[in-house]
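A.B. asks: I'd like to ask some things about the structure below.
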Amino acid sequence: MRWLLVLAGIAIAAAGGYVSLAQAGSGAQPWDPELSDNFVFMRALPFALGLGAVVGLFRAGGWKPAVRRGDQIRRFSPGTVIGHWIATIGFVIALPTGLWQYLGGILSQDVPAPGGQLLLDLFHPVPLYWFYRLHYIGAAFVLFSVANFGAYWWVNRDRALLVPRGEWRLHLTGFALEVPRMFGARLAAPLKLDLTQRLPQPRPFTYYETAFSFPTWTFALALITITGLLKAMRYIYPIPGPVLYWASTLHVAAMLLLVLKVLDHLRYTLARWPLMVAMTRGWVSEGALRGVLDTIARPEPWHPEPTLPASAPAGVAGGSER
Amino acid sequence: MALLWAALNVVIAYLFVTNAFVAKTAIKEGLPAQAALLLGGALIAVFAVALARQSLRILRAPGAAEG
């Protein structure tokens, strides 16, 4: 039954894509390539979202709790691993092409910034509609992934990446302990977090992932999805000017957030290699994962500075011998 | 690959920051756009440098990646 659902989803998506492309390629449309791509993308969007939701529902139906194979434990299902890499491909295509649309606009001026002209000349032979075309393809991958993971988590009720109710203070404390002390202290002071306490082992995701990484991914992805859909919708529905202006502005802001998120995500996972291995193979050695969760993601609490007795001689506090 | 990604982002950060100070941005889009470009560029630079440092650390000592 689940297979039928997926096959129907694929068939509908393929038919929708075919009809859209056939219309665009018929030669009967009056639009230039860029406008034509906009229409193809807009018409293909519901199918990309629908196919993602169907695949997510299919995966959720077959979801099983974590299993073990000797020393190896399953951290991610094959569907999650494949879904993650589909989203990665989407980002690798959509982010640079989106940035070029934005940068191309601000670089194209009488006296471009140093180096800007070099880039403009380099990409001059490539028609602008190709950047849009690739951006739409990347965006379709991202939208598929958003629908896929949204449906999957909604149905299987896997809430491991969410902070459990009443535990935000604990997770924020763990996050503050994981980041460099300068940032941790700035976060802890206004929130009155106790950084001297020993925290329980995070499970199955690190405090950094639950308190910071996942919420910011969710926010940035929701923002870019909603603003992107509004921008795309203007080709089939009259969107009021101010709404379109803010959608465009926030779409750029979300793009910037995602650029930062990708950089930070790579920095964090490269330093914790077992997490990278898990997202490639799905399996990870229990010892390596425990090493990440127990020692790296549960850093030692801070030890408060020893207070000096009132009679201590001046100079001791700073360790000065003068 | 992570180093290459970081290097590309440094170029983007440079373009963001330099374009915050060009006349067209100031005249056409005003101070908020200039501030956004400057802040965005600075943030991309900081995160790109952090990724580059992490990548270099792994290249120098492959076993040093935590875990």
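A.B. asks: Would a scan of the range A:290-297 turn up a residue that is open to solvent by 30 Å² or more (accessible area, probe 1.4 Å), within 12 Å of another protein chain (Cβ to nearest Cβ), within 16 Å of the chain's Cα centre (by Cα) and within 30 Å of A:R69 (Cα to Cα)?
C.D. replies: no
A.B. asks: Only one of B:L37, B:L3, B:L56 is assigned to a helix (DSSP H, G or I), at pLDDT below 85 and more than 7 Å from chain A (Cβ to nearest Cβ). Can you tell me which?
C.D. replies: B:L37
A.B. asks: Tally up the residues in the range A:24-71 that are open to solvent by less than 40 Å² (accessible area, probe 1.4 Å) and not in a helix (DSSP H, G or I), please.
C.D. replies: Matching residues across the range A:24-71 total 1.
A.B. asks: Yes or no: A:G98 within 14 Å of chain B (Cβ to nearest Cβ), open to solvent by less than 30 Å² (accessible area, probe 1.4 Å) and part of a helix (DSSP H, G or I)?
C.D. replies: Yes, satisfied.
A.B. asks: Right, here's the next one. Could you go through the range A:227-237 and let me know if any residue there is more than 20 Å from the chain's Cα centre (by Cα) and closer than 23 Å to B:R57 by Cβ.
C.D. replies: Among the residues of the range A:227-237, not one is more than 20 Å from the chain's Cα centre (by Cα) and closer than 23 Å to B:R57 by Cβ, which makes the answer no.
A.B. asks: Sort through A:L193, A:L260, A:L270, A:L250 and tell me the only one that's at pLDDT below 90 and either part of a helix (DSSP H, G or I) or under 28 Å from A:P78 (Cβ atoms) (or both).
C.D. replies: Within the list A:L193, A:L260, A:L270, A:L250, the selection yields A:L270.
A.B. asks: For the range A:236-247, name all the residues that are part of a loop (DSSP other than H, G, I, E, B) and either under 22 Å from B:W5 (Cα atoms) or among the hydroxyl-bearing types (S, T, Y) (or both).
C.D. replies: Passing the criteria: only A:Y237.
The values are calculated or read from the model by the stated rules, or taken from the named source; none is laboratory data. Worth saying up front: this structure is predicted, and the values here are computed from it rather than measured. As a convention, Cβ positions derive from the backbone with ideal geometry for all residues, glycine included, and neighbour counts pool all protein chains shown. Side chains are part of the model used for accessible areas, which takes the heavy atoms of the whole protein and leaves out ligands, DNA and RNA. Shrake-Rupley method; radii C 1.70, N 1.55, O 1.52, S 1.80 Å.
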